[in-house]
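Chemist: Please find one structure pasted underneath; my questions will follow.
The values are calculated or read from the model by the stated rules, or taken from the named source; none is laboratory data. Since this is a predicted model, take the numbers as computed values, not measurements. Positions of Cβ are generated from backbone atoms using ideal geometry, with glycine treated the same way; all protein chains shown enter the neighbour counts.
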Amino acid sequence: MAVINLKNRQIECKLVFYGPGRSGKTTNLEFIHKKFQKQVLGKMISIDTEGDRTLFFDFLPIGLGKIKGCDVKVQLYTVPGQVKYKATRQLVLKGVDGVVFVADSLAVRREKNMVSLKDLHENLMKMGLNIRKIPLVLQYNKRDLETKGLPVMPLEKMEHELNRQLKVPSFPASAVTGEGVGNTLTAALKLTLQSLQKEFKWAH
């Protein structure tokens with residue numbers, strides 16, 4: 001959960017990029033780190049696990065407003081997507097305020113997307129959080145692969161399979177080219193900040 005630091009007039013919150021292995025979570029964060037340098041605080045830290053990585057860095061969402069006169073600092077995290085890193089994912093999700101689910105548009109990854117979304121749902125439940133209530137945005141990544149002749153799922157199909165019940169904002173994207181990455185991030189930050197504003201209403 002978000003931490004309020006009255007001395008520094010700062011609220012710290014956590015946004016986690018979740019999704020199956022190799023769906024592009026790391027590429028999203030690398031693009032954000034490079035593209036929004038003015039808003040990045042400090043270095044990007046990478047914790048390597050065999051064949052997968054957990055990344056995080058601090059981010060200042062300039063222009064999205066303050067809460068209770070405090071600046072908001074967001075920690076952006078990725079989780080390792082491979083099935084065997086379930087414990088690490090649970091650890092990274094601890095204290096989460098918002099989630100970006102990065103789905104892989106490649107047709108062969110259809111099953112992995114659904115397994116990963118179910119995994120997110122279960123891990124949130126273990127922490128007493130509801131996937132339908134937490135700020136959540138879906139990103140349909142790797143749309144650029146269609147131009148390379150690779151079989152990519154139609155957006156309508158992905159929307160139907162992953163977002164039919166959740167009905168959350170969703171964005172087609174290519175983390176490699178950066179297309180849709182800023183839109184995904186902005187939507188996720190807005191939802192997270194709106195949720196925090198409700199949470200901190202008691203602080204009047």
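Chemist: If you check Phe36 against the conditions, is it modelled with pLDDT of 85 or more, touching a Gly at 6+ places or on another chain (Cβ under 6 Å), farther than 21 Å from Lys94 by Cβ and not charged (D, E, K, R)?
Modeler: no
Chemist: Taking only pairs six or more apart or across chains, which ones have beta-carbon atoms under 7 Å, a first residue in segment 181-204 that is buried (at least 21 other Cβ atoms within 10 Å of the Cβ), and a second residue that is modelled with pLDDT under 90 and among the aromatic types (Phe, Trp, Tyr)?
Modeler: Nothing qualifies.
Chemist: Does segment 108-119 contain any residue that is outside any helix (DSSP H, G or I) and either within 22 Å of Lys190 (Cβ to Cβ) or in contact with a helix residue (DSSP H, G or I) (Cβ under 7 Å, 6 or more places away or on another chain) (or both)?
Modeler: Residues of segment 108-119 outside any helix (DSSP H, G or I): none.
Checked segment 108-119: no residue is outside any helix (DSSP H, G or I) and either within 22 Å of Lys190 (Cβ to Cβ) or in contact with a helix residue (DSSP H, G or I) (Cβ under 7 Å, 6 or more places away or on another chain) (or both).
Chemist: Being more than 20 Å from Glu12 (Cα to Cα), without any contact (Cβ under 8 Å) to a residue 12 or more places away in the chain and not small (Gly, Ala, Ser) narrows it down to one residue among Lys142, Lys86, Lys112, Lys118; which is it? Steps first, please.
Modeler: Details: Lys142 fails: without any contact (Cβ under 8 Å) to a residue 12 or more places away in the chain; Lys86 fails: without any contact (Cβ under 8 Å) to a residue 12 or more places away in the chain; Lys112 fails: without any contact (Cβ under 8 Å) to a residue 12 or more places away in the chain.
That would be Lys118, the only listed residue that is more than 20 Å from Glu12 (Cα to Cα), without any contact (Cβ under 8 Å) to a residue 12 or more places away in the chain and not small (Gly, Ala, Ser).
Chemist: Quick one: how many residues across segment 15-40 are surrounded by 12 or more Cβ atoms within 10 Å (Cβ to Cβ) and either more than 27 Å from Arg143 (Cα to Cα) or among the hydroxyl-bearing types (Ser, Thr, Tyr) (or both)? Outline the logic, then answer.
Modeler: To start, the set of residues in segment 15-40 that are surrounded by 12 or more Cβ atoms within 10 Å (Cβ to Cβ) comprises 15-33, 35-36, 39-40.
With either more than 27 Å from Arg143 (Cα to Cα) or among the hydroxyl-bearing types (Ser, Thr, Tyr) (or both) added as a condition, the list becomes 18, 23, 26-27.
Counting residues in segment 15-40 that are surrounded by 12 or more Cβ atoms within 10 Å (Cβ to Cβ) and either more than 27 Å from Arg143 (Cα to Cα) or among the hydroxyl-bearing types (Ser, Thr, Tyr) (or both) gives 4.
Chemist: Quick check: is even one residue across segment 5-19 assigned to a loop (DSSP other than H, G, I, E, B), touching a Phe, Trp or Tyr at 6+ places or on another chain (Cβ under 7 Å) and at pLDDT 90 or above?
Modeler: For segment 5-19, residues assigned to a loop (DSSP other than H, G, I, E, B), touching a Phe, Trp or Tyr at 6+ places or on another chain (Cβ under 7 Å) and at pLDDT 90 or above: present.
Chemist: Additional query: When you check Leu129 against the structure, is it modelled with pLDDT of 95 or more and assigned to a loop (DSSP other than H, G, I, E, B), yes or no?
Modeler: Yes: the conditions hold for Leu129.
Chemist: I've got another one for you. Tell me, which residue of segment 135-175 that is of a type in the set (Val, Ile, Thr) and either crowded, with 20+ Cβ neighbours inside 10 Å or more than 15 Å from the chain's Cα centre (by Cα) (or both) is nearest to Asp104 (Cα to Cα)?
Modeler: Ranking the qualifying residues of segment 135-175, first place goes to Val152.
Chemist: Say whether the condition of being more than 27 Å from Ala2 (Cα to Cα) and hydroxyl-bearing (Ser, Thr, Tyr) is met by at least one residue in segment 175-183.
Modeler: Yes, there is a match, as at least one residue in segment 175-183 is more than 27 Å from Ala2 (Cα to Cα) and hydroxyl-bearing (Ser, Thr, Tyr).
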